[in-house]
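The values are calculated or read from the model by the stated rules, or taken from the named source; none is laboratory data. Model, not experiment: these values are computed from the prediction. Neighbour counts run over all protein chains shown; Cβ positions are idealised from the backbone, glycine included. Accessible surface areas use protein heavy atoms only, side chains included; no ligands, DNA or RNA. Shrake-Rupley method; radii C 1.70, N 1.55, O 1.52, S 1.80 Å.
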Amino acid sequence: MEKVTSGKREELVQTALRPLIRTGMGYWLVVGAFVLVLAWGIFAYVTQYHNGLVVTGMRDRISWGLYIVLFVFFIGISHAGTLISAILRVVKAQWRTPVTRMAEFITVVALSVGALMPLIDMGHPDRAFNLVRFGRWQSPLVWDILAITTYLTGSIIYLYLPLIPDLALSRDRLTENDAPAWKRQLYRIAAVGWHDTPQQQKYLKIAMGFMMVLIIPVAVSVHTVVSWIFAMTLRDAWNSTVFGPYFVAGAIYSGVAALILLMAILRKAFRLGAYITDKHFINLGYILGGFTLLMLYFNLQEYIVTGYKMAGESSFHFLQMFAGQFAPVFWFYVIGGMVLPGLIILLPVTRTFTGILVASGLALTGMWVERWLIVVAGLSVPLMPYEPSVYAPTWVEWSIMAGAFAMFGLVIAFFVKLVPVVSVWEVAEQYEESEEKQAEHAPSPQLPRVPVPALNASRLAANLPENPPSSYVPPVRGGGYEHA
Amino acid sequence: MNMRRLGWLLMLLLATFLFLALARPALAAGPVDLALEAPDQLNLGDEVVITAALKDSSGAPIPGATVVLWTPGQFLSVEGVMELGRAATDAQGLAVFLYQARSEKSATLNVSFSGDSRYSPAHASLEVSVAGSAQLYQSTAGVRLPGVGVWLLVAALGTAWSIYIGMMVLVTLIARAGQSASEELGGANV
């Protein structure tokens, strides 16, 4: 019995630590591609820095373009993480454990990349200091800086706390043949002397309990404040009282889609199929489907009111979206970004791993387009009786956008080589809990037999292997147990 | 007196009349005195009365004349004259302006009288020093709710950051507990 238990745990540890030890040629090829694209993006940025924003397509009438689109997009997908991870932790969703780490990665990386975008949009980043010098508390821009800083700090803490036992595991298991000295030193410091003692478990539980609750309102406030940057500006197309919840819903929608895609890539790359099963994708697909309906509802609410009244500049905006210069992208957003993903998830025949991936890809692209429509279409509504402006990003902007995505991928690639992509101790704990449940429901000679379907349902919900050892009880909660 | 002489005399009288009629304004446009009175030290946002006194060479007030108050101005790269107001002089020859100091640096205030048929143009200026850094623009839009303001923002942020500091404390406690455990185990991996 003990041998089976240790073997199962060892398999999990080996699978989680393997990416930290071995690096294949494919990884370096991907990293090389990211570096090349990022270098090109940096070259474009240097060009913009030296020549000014005149090298972009932004002008006085449409003064926000691709950079602000990317800012909203990245801040949106950052909700993948913390919010999804925190909500799943709060509701104690059993299947969350192999997913949360990746979700938390996305949050930190997307926030960091997204926060760079307004600095790039300013032309010279030193102008950001003016916001500190002359910023007013009444300005949504100041609120935004405060909210994003708070969210980024909270997300880093929220990523770090559940990492501690796994950092200790890496510290204890990786030898000098497995990892360079600097990496082992990093694990030693970052693990803060974790030995899985009851007292340490207690402190960690308290810390995570606070953070999983706190991070939800912080995350909601961030995207609400981002929406206020638009909604509190005197532009007719942005006059909406539902922008806050609309942005938050859109952020979670795109965040789930990004998480699904990243999970699929990492599962394939690091052979995590035993822990990240199709069931995880289907479950996340259900969340995606739910938010598809919510997004459709918000859009219906937004445009049916505008279209019914057709008042003032709102009618111009309505027409340019439905039948004017933005109609092709708008209809792609509606059909490709919401209706199709919704149908794919709704229909059982397409609700498969591949189907969920396609739905996620469409949803993510659709949400990028939606950000474009909010920013660019909103600014193209004339403020005075002049011809509507047209905005077309230049090669500099497209290159910086490509560089931003490459930076996103590169930092994720760096992370997955630094820490286990699956939360080892949480997965082990989940197995332990489900086995305890199984033991409670196990047939006893003194008691009537527990119906078999109930047992199977419990196991299915916990994403256990089809035929796990009947008495499997992982003996560990995290790193440091080798010394216990 | 023969007719020829009489003709010449009439022509001379006519020429004199025409000369006086045409040259009268020039001959009568006497010098004027324009004086500007304003406090030389102001605080930002102060509203003060500025008086321009217009008198003729004999010291008599000139009523009904238009006096312009202006200051040198600059907007982006364009420099020029920024007119602050214009007023007609009253019976005492006084033109009165209401002036608000809206820039913290010193200002050069100028008054000009462009002259008319009887009086020559005149100009006077005065340096006014403005001190302070008051916020002049107060938005009237929106709704003011008691307790909803910057303190609410500070309270929300303060709560979040206090919890973050609490997390640091808990991580320190984890490290301490680990140190104790390590000492029990013989000092490995701390």
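Structural remarks
- Cα centroid of the stretch A:99-152 to Cα centroid of the stretch A:41-74, whole Å: 16
- Carbon and sulfur %, accessible surface of the protein assembly as shown computed with the full protein complex present, 1.4 Å: 66
- Table column - 3J(HN,Hα) (Hz), the stretch A:377-382, Karplus curve with 6.51, -1.76, 1.60, x for Gly and Pro: 5, x, 7, 7, 6, x
- Each peptide among A:248-254, A:400-406, B:99-105 gets the average number of other Cβ atoms lying within 10 Å of its residues, and from highest to lowest they stand as A:248-254, A:400-406, B:99-105.
- Max mean-square fluctuation residue, GNM over chain B, Cα-Cα springs under 10 Å, options B:91, B:53, B:124: B:91
- Helix screen, chain A: DSSP H segments with Cα axial length of 24 Å or more and mean Kyte-Doolittle hydropathy at least -1.0 are A:2-21, A:25-51, A:66-90, A:97-121, A:140-160, A:198-231, A:243-270, A:278-309, A:353-372, A:395-416.
- C-alpha center-to-center spacing [the stretch B:90-137, the stretch A:262-317] in angstrom: 63
- Compared with the dominant Cα axis of chain B, that is its longest principal axis, helix B:150-185 is turned about 30°.
- The residues of the stretch A:328-383 expose on average 36 square angstrom of accessible surface per residue, using a 1.4 Å probe on protein heavy atoms.
- Shown are A:205, A:8, whose ranking by accessible area with a 1.4 Å probe and every protein chain present, most to least, is A:205, A:8.
- Partners of residue B:105 within straight-line reach, counting lysines whose Cα lies under 28 Å from its Cα and excluding those fewer than 8 residues away in the same chain: none found.
- Estimated 222 nm signal from helices in chain B, with DSSP H stretches of n ≥ 4 weighted -39500 (n - 2.57), rounded to 500: -12000 deg cm²/dmol
- Per-residue mean of foreign Cβ neighbours for A:197-208 is 5 (Cβ atoms of other chains, 10 Å radius).
- FRET efficiency for the residue B:133 to residue A:242 pair, using the beta carbon distance and R₀ = 41 Å, is estimated at 0.55.
- Inter-chain Cβ neighbour count for A:131-143, averaged per residue, equals 1 (cutoff 10 Å, partner chain atoms only).
- Å² of accessible area per residue within the stretch A:1-156, as computed with a 1.4 Å probe and no ligands counted: 45
- Ranked packing of A:177-184, B:62-69, most packed first, by mean Cβ within 10 Å: B:62-69, A:177-184
- Order by protection proxy (mean Cβ within 10 Å, highest first), peptides B:173-181, A:118-126: B:173-181, A:118-126
- Cβ-derived FRET efficiency at R0 60 Å, residue A:139 paired with residue B:18, nearest 0.05: 0.25
- Cross-linked pairs A:8/A:417; A:268/A:417; A:183/A:417; A:92/A:437: Cα-Cα separations exceed 19 Å for A:8/A:417.
- Distant-in-sequence amide H partners of residue B:84 (H built 1.01 Å from N, under 5 Å): B:69, B:70, B:71
- Only helices enter this figure: runs of n ≥ 4 DSSP H residues, each worth -39500 (n - 2.57), summed and divided by the residues of chain A, yield -23500 deg cm²/dmol at 222 nm to the nearest 500.
- With a 1.4 angstrom probe, the accessible area lost at the A-B interface totals about 2300 Å².
- Paramagnetic label zone (point 7 Å from Cα along Cα-to-C-beta, residue A:325; backbone N under 20 Å) in the stretch A:343-384: A:369-384
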